[in-house]
Structure formats: C-alpha cells, structure tokens
Number of protein chains: 2
Amino acid sequence: MMQPMTLEAITDPRPYHHGDLRRALVDAAARILEREGPSALSLRAVAREAGVSPAAPYHHFKDKGELLDAVAHVGWDALGEAMNQAVANARDVHEHMTELGVAYVCFSQRHPALYRVMYDCSRDRDSLPEGMADNDDSAYCMVRETFRKSAGPDVTDLDVELATIAAWCTAHGLAEMSGFAQFAPLKRALGGDEAFLRGVLSHLGAFARRIPPQA
Amino acid sequence: MMQPMTLEAITDPRPYHHGDLRRALVDAAARILEREGPSALSLRAVAREAGVSPAAPYHHFKDKGELLDAVAHVGWDALGEAMNQAVANARDVHEHMTELGVAYVCFSQRHPALYRVMYDCSRDRDSLPEGMADNDDSAYCMVRETFRKSAGPDVTDLDVELATIAAWCTAHGLAEMSGFAQFAPLKRALGGDEAFLRGVLSHLGAFARRIPPQA
DNA sequence: CGTCCGATCTGGACAATGCTTAGATAGCAG
DNA sequence: CTGCTATCTAAGCATTGTCCAGATCGGACG
C-alpha cells in the first residue's frame, strides 16, 4: 500500500546506523531467489546478502518461515498488480477472464522461484497464502469479481465461488507444469509460450463438457 | 552399469549381504512420509528407520534426490493403479473423465505427503516426473487415452494433447489447493469433500465458455 | 576347501543450516 | 550523563547431506 510493489532488487542504501533491516532482509531474500533459486534461499544466506550476522533476522522474524511469508506477501502483491494491469488493458469484459489467466501464468514464468515460495510457505499451514485474497485488489478477489460481473442474475454466490476455485486451480496447475521440457515441442508447434497457454486454456471446455453439471 | 538404467524396471530379487536394502529404504521413506510428513523425511531418518548407518543409502542412491525419485516412482505407480480402478468401475465411457479426476484428487488427499514428493522431486528437474507418463497404464497416459477414445474424428492429436494437459493442470491445482481451510465452509455446504470436488469440476465450463476457442 | 575380490555396510568427519543464548552497542528518554 | 530498550554480534548446539577410510560379508576362482 505504502511501498511500491515492484520486484526489483533495489539496493536501498539507508545509512541509518542500523537501517530498516526488516525491509532489507526481504529485499535480500528476493534478490537471492531471482539470482540463485529457492534452494539457495537459506536464512544465513539472506543475512549474508544483507550484510548482517546470521542471528540478526531473528529480531525481525520469528523464524525462517516468517521471513518467507513476508517474501511471499510481496509476491502476491506483485501478482495482483500484474493482473490489474492485464484487466486494464483488455478491451471488453469477456476478455477479462482470459487475460487474467494469461497474466497469472506469465507472472509465474517470469518469477518461478518467487512463485514457488508463494505457495510453499502456505502449504505447511493448510490455509490460503497471506496476501492472496486479503483485499479487493488481490489476485484471487479479482478473479471472483470478474466472475461476478459477467454472471447472469441466476448465478448464486456459491456458483461464483466454485467457478473461481476452478479457474484458480487450473491456472495454478498450468503455472507449475508449463515449464516441463516435454511440452517444448508442443509450444514450438503452436508458436510460443503464450500461444501454448491460450491453447491449453481453450481446451478447458472439452474437459468440462464431459462432466455432468452437479450430482 | 550392471543395473538397468531404467529405474527398477524389474524387481531384482537379489538378497544381498543385508537383504534388499534398496527396497527397504524406499519402504522406510514411505513409512516416514505417511507418519510424520515431508519435513521429517531426511536421509538420516530413513537410514535410522531402516536400521542402517547414515552412509548406507549412498551405496544404492547417488544422493537424497535419487531416493526421493524412487519413492515418487512408487507413488506414480499407485496413482496409476487407483485411476485404473476408477475407470474400471465407471459405467459408461462418458463417466471416465469425471472418475479419473475424482480418483486423482482423492489419491492426493489420501496421501498428501507422498503426492507432494511426487511433484517436488521433478520440479527441480524441469521435466515430467518419472513414472507419470512412462507406460500406457501410467496416470497421464490414461487421461490422454480417455480423451482420444471419446473424441470425434475431427479432433487432432494436438487437440487431444492440449486437452489432456488442461485436465491434468486442473486436477493438479485442485489436489494442491482443496486442502486449504478456507474451503471448509464451502465443503460443508455442499456435503463433503467429494461433492466439493465434483462441484468445482462442474464449474470448469463456466470458465471455459469465456475463453474464445484458439486465437 | 581356501583365497581373494568386490560389493556392501560402519564409524567418523566436514561444512552448512536453523535456532538459541549471552553479551555488546546504539539510540533515546529522563 | 544515566539508564532502558531495541537491535545486533559472537559463540555454540543439534541436525542435515555428503564423503572417506576401513571392516565385513558373499561368492567366484583356483
């Protein structure tokens, strides 16, 4: 809200005696993530990157998980912003859903390590990731609102919720799997990553048509 | 070198010095997974569980990752079997797709730790998990075959492949997310986990209808 | 039957990690 | 200046993945 949600690793040289370390740590973590991937993201490495002792982070985060949570939160904000952008660029309402899906998966491909952290740190908690659905601009809520706006009067809130979950699950699955090397030939045949993405999304119908509407 | 490069193509019943340790290690790992979850699955814990020294596994697996691969392979075989079962129980062909999806997600909920390992160890490799699509009975190939059989004559192989990927991604997304606590009220309203599952799957159409068929 | 070789396992060691505790230091209120 | 609190460091602990030097067992060969 107050801070710009960009991912750029800005080496913000705040020459306070001991500057805003909390912020510096999150930035350092994001920098390591983009540079070396999730497996290199140790608490000690983050401290090293930020130029402090290995124990310093513990004065700002309860444990490693809480640091990861903060990093993930930044990621969700950035995702939400990217999806907002995508909707803003769409010409009419019926394109919104497509553009949201494309923006979602593209984001996950541009920041694979961040995306992984976003989900990983919530998997162990059995609850939705922090920042994913916290406010109206958050990614999940945008999808739901898009559904609600394009829904007819006979569509219940429950229907909207279920449809949102379905769409979200599909996008998430695509985000995690579209990087597999086995899909490279397919992508080439279709003419690029985004074409592949749209191709898969367009085949959702073929799947759905074989599922009877509710039991 | 003397062993076939394809992972345990055949169960080699070679009672070694201390028995078939390789198999014992995989079993021990699976046992720990079900009992204590993925975070407790250390190489040393596996060795402890199997009653051998911490260095013993290195005579059967190059590193921890290779052990995990073997565990995941067992998991994919089990998933394939569960899906085979589901198809066998379906009354007509048009139910196959639904039952496959249900079987997939149910498996992931019955063995959450195993399911996580199945994907985790392939994520770092950027290729499809071993055992996922290796033979005709494997999970992925079953979905593709179901699509092929129920497809009209005008459907190309590429279409079948894309539809398979779409269905797979959706199921995977559902498998990973349906455990989130936020969905509990929804599940209760619908009358249980499986009803929730079918509910979400049935709303795939609502999503797809808003996506224009191919660019 | 005995000898030897190689596959299998042990014990010990190393660096790295998450985390804790005790002590140092800086900024600020009085 | 004095004292308090938040912040940071240094040192240490248990655990982890991995490697290495030997011990040991199984089976092939003579």
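The values are calculated or read from the model by the stated rules, or taken from the named source; none is laboratory data. Predicted model only: the values in this text are computed from it and were never measured. When we count neighbours, we look across all protein chains shown, and the Cβ atoms used for this are built from the backbone with ideal geometry, even at glycine. For the accessible areas, the whole protein counts, side chains as well, though only heavy atoms, and no ligand, DNA or RNA atoms are used. Shrake-Rupley method; radii C 1.70, N 1.55, O 1.52, S 1.80 Å.
Table for the structure above
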{"read-out": "C-alpha long axis of helix A:193-202 to longest principal axis of chain A, angle in °", "value": "40 degrees"}
{"read-out": "Projected-area mean, region A:30-112, by convex hull of Cα positions, square nanometres", "value": "6.2 nm²"}
{"read-out": "Inter-probe distance in nm under a simple model that places probes 7 Å from Cα toward Cβ, at A:A45 and B:C106", "value": "4.1 nm"}
{"read-out": "Cα-based Rg of the protein assembly as shown normalised by 2.2 N^0.38 Å, two decimals", "value": "1.03"}
{"read-out": "Inverse of mean 1/r across different Cα pairs in region B:66-176, Kirkwood, Å", "value": "14.2 Å"}
{"read-out": "Nearest-20 debye value, the protein assembly as shown charge dipole, Cβ charges on Lys, Arg, Asp, Glu", "value": "440 debye"}
{"read-out": "Full-stretch length increase - A:H60, A:D136 - with 0.36 nm per residue and alpha-carbon distance subtracted", "value": "24.6 nm"}
{"read-out": "Acute angle (nearest 10 degrees) that the helix B:157-177 long axis makes with the longest principal axis of chain B, alpha-carbon atoms", "value": "70 degrees"}
{"read-out": "Check: region A:148-203 dipole with +1 on Lys, Arg Cβ and -1 on Asp, Glu Cβ, in debye", "value": "320 debye"}
{"read-out": "Highest to lowest packing among A:175-187, A:106-118, scored as the average C-beta count within 10 Å", "value": "A:106-118, A:175-187"}
{"read-out": "Total charge dipole magnitude, chain A, about the Cα centre, Cβ charges on Lys, Arg, Asp, Glu only, Debye to nearest 20", "value": "680 debye"}
{"read-out": "Percentage relative contact order, chain A, counting C-alpha pairs under 8 Å, at least six apart", "value": "18 percent"}
{"read-out": "Label 7 Å beyond Cα on the Cβ vector: B:E36 copy-to-copy distances, nm", "value": "2.8"}
{"read-out": "Helix axis angle, A:93-110 relative to chain A longest principal axis, alpha carbon, degrees", "value": "40 degrees"}
{"read-out": "Normalised contact order of region B:66-176, rounded percent, pairs of Cα under 8 Å and 6 or more residues apart", "value": "33 percent"}
{"read-out": "Average accessible surface area per residue within region B:66-176, 1.4 Å rolling probe, Å²", "value": "39 Å²"}
{"read-out": "The protein assembly as shown: calculated mean residue ellipticity at 222 nm from DSSP helix runs of at least 4, using -39500 (n - 2.57)", "value": "-20000 deg cm²/dmol"}
{"read-out": "Average beta carbon contacts from partner chains per residue of B:192-203, 10 Å cutoff", "value": "5"}
{"read-out": "B/A buried area, accessible surface, summed, 1.4 Å probe, Å²", "value": "5200 Å²"}
{"read-out": "Compactness of region B:20-61 - radius of gyration and Dmax, Cα, Å", "value": "9.3, 26"}
{"read-out": "For chain B, fraction of C-alpha pairs farther apart than 27 Å, in %", "value": "41 percent"}
{"read-out": "Gain on full stretching of the segment that runs from B:R148 to B:N89 - 0.36 nm per residue minus C-alpha separation", "value": "19.3 nm"}
